[in-house]
Amino acid sequence: MTPFLFMLVVLGFSVGAGLLGSLLGIGGGLILIPVLTLLLKVDIQYAVGASIVSVIATSSGAAAAYVRDRMANTRVAMFLELATTAGALSGAFMSGLVGGRGVYLVFGGVMAWSALVMLRRMRASAEAPVPADALADRLALHGSYWDESQSREVSYRVTRPLAGLGLMYVAGTVSGMLGIGSGALKVPAMDLAMRLPLKVSTATSNFMIGVTAAASAGVYFARGNIDPFIAGPVCVGVTLGAWLGSRHLMARVNSTWLRALFVGVLLWVAFEMLRKGWAP
Amino acid sequence: MSEAPKPEPRSPEAATAAVQDGEDASLLHPELLISDLLRYGVAASLALVTLGTVVTFFRHPDYLVSSEALQRLTSPHPVPHTLGDVVAGALAARGQAFVMAGLLVMMAVPVMRVALSLLIFRQQKDRLYVGITATVLAMLVLSFLLGAAH
């Protein structure tokens, strides 16, 4: 394979990862890292470096559209970024201390758990009332969004901001450690703990991922893990895919289908991670 | 953001109307400002990356035919990892340095977004959120400083 062909292949996979990532509220790094390392034999350190930049690209590209449509809750995002950036900082430094296999195992376990929780809630879809929360009122986190499939403005209330903050710290740590956006942890934290609607959770997760990733990208850059030859096409491809996804698909996708797709991806990733941690 | 819900949030008329009302559009529609910052930042980054890629293939025509070069490019090797490296490479018209500059712009976009949010919350006199946003910004700056010292 020539470098030119290699670049085209990387570009193609990146477009696919960006498209899927923007629909699911994940950065696409989870899809890209296995493709780059297993299929294209890229050294893991460069795969992680390229991934972290692509994560920022996906987030910013998709978030531009979500913010304009007022789908992302910017106040919730800002509040939770307190925890994700602190977590990302800890994670980027902890990655040197903790063994890679242990991280993969814990991560795989967390992913499988979130997939199961989401699956359970998918069956029991009856909407329970959201408990009142004084801190959420004080932070003015409640909002509304325009639902394309229902053709009406849907308002929602937010609860348990502190539980969200704690979960976001964990998500940030994982993000900093593995060079992924960890939207797969952010979406359940907002959707299940804070009770934001899934579409709002997905959009807000996308919006936050860039800031989380930027907090760890500096460390990866200084370590020399960001190789322009790989990160360049990844960055362009992922942005293109994310733009296509958020622009042309998001508003038309039904929440139930989105959730089913999301659970499938979570389970697949959990399996990959556990396998990686198990076999040296 | 408590103004009346708009049935078509994507329409640019909303922003124009706010300006015509003589009110500060950024006060009423911070979403539009943030959205534009994200879009133009990403566009600038992608332009640099694309330019750098074209320059790279122009300066290394063998990349189009030789498969030996790939082995070298995908195995562990030193890459520019300080701002000085990137600036020096760009001055020498090295394509990969332009790509790297583009990637650095991409990394800076979320940081600029938080800085813009800080200004918006200040304008809205929302003290609580000014504090929250300033803390996030401080942590981002800290991460870049710690990374450089690493």
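The values are calculated or read from the model by the stated rules, or taken from the named source; none is laboratory data. None of the values given here were measured: they were computed from a predicted structure. A quick note on method: Cβ atoms are made from the backbone with ideal geometry, for glycine too, and the neighbour counts reach across all protein chains shown.
Brief remarks on what is shown
- Of all residues in the stretch A:152-188 being modelled with pLDDT under 80 and not in a helix (DSSP H, G or I), the one that is nearest to A:L266 (Cα to Cα): A:S182
- Pairs where the first residue, in the stretch B:99-128, is more than 8 Å from chain A (Cβ to nearest Cβ) and closer than 26 Å to B:V49 by Cβ and the second is surrounded by 19 or more Cβ atoms within 10 Å (Cβ to Cβ) and polar (S, T, N, Q), C-beta under 6 Å, 6+ apart: B:V105/B:S45
- The set of residues from the stretch A:189-208 being assigned to a loop (DSSP other than H, G, I, E, B) and crowded, with 24+ Cβ neighbours inside 10 Å comprises A:M194, A:L196.
- Some residue of the stretch A:215-236 being in a helix (DSSP H, G or I) and closer than 23 Å to B:L128 by Cβ: yes
- As a summary of the residue check, A:R68 satisfies the conditions (1) under 16 Å from the mean Cα position of the chain (by Cα); (2) facing chain B (nearest Cβ under 7 Å); (3) under 30 Å from A:S151 (Cα atoms); (4) at pLDDT 80 or above except for the one numbered (1).
- Selection from the stretch B:56-79 of residues that are more than 7 Å from chain A (Cβ to nearest Cβ), closer than 26 Å to A:K41 by Cβ, at pLDDT 70 or above and in contact with a helix residue (DSSP H, G or I) (Cβ under 9 Å, 6 or more places away or on another chain): B:T56, B:R59, B:H60, B:D62
- Residue selected from the stretch A:130-189 under the condition among the charged types (D, E, K, R) and in contact with a strand residue (DSSP E or B) (Cβ under 6 Å, 6 or more places away or on another chain), by the criterion farthest from the other protein chains (Cβ to nearest Cβ): A:D147
- Within the stretch A:79-95, the set of residues being at the interface with chain B (Cβ under 9 Å from one of its Cβ atoms) and more than 16 Å from the chain's Cα centre (by Cα) comprises A:F79, A:L82, A:A86, A:L89, A:A92, A:F93.
- One residue alone among A:G241, A:G179, A:G172 is buried (at least 24 other Cβ atoms within 10 Å of the Cβ) and within 13 Å of A:V53 (Cβ to Cβ), and that residue is A:G179.
- For B:G131, the conditions (1) at pLDDT 75 or above; (2) more than 23 Å from A:R223 (Cβ to Cβ); (3) in contact with a helix residue (DSSP H, G or I) (Cβ under 6 Å, 6 or more places away or on another chain) are fulfilled apart from (3).
- Filter pass, A:V9 being buried (at least 24 other Cβ atoms within 10 Å of the Cβ), at pLDDT 85 or above and either under 24 Å from A:R223 (Cβ atoms) or more than 10 Å from chain B (Cβ to nearest Cβ) (or both): no
- Boolean, A:A215 is modelled with pLDDT of 85 or more, over 25 Å from A:G143 (Cα atoms) and of a type in the set (A, V, I, L, M): yes
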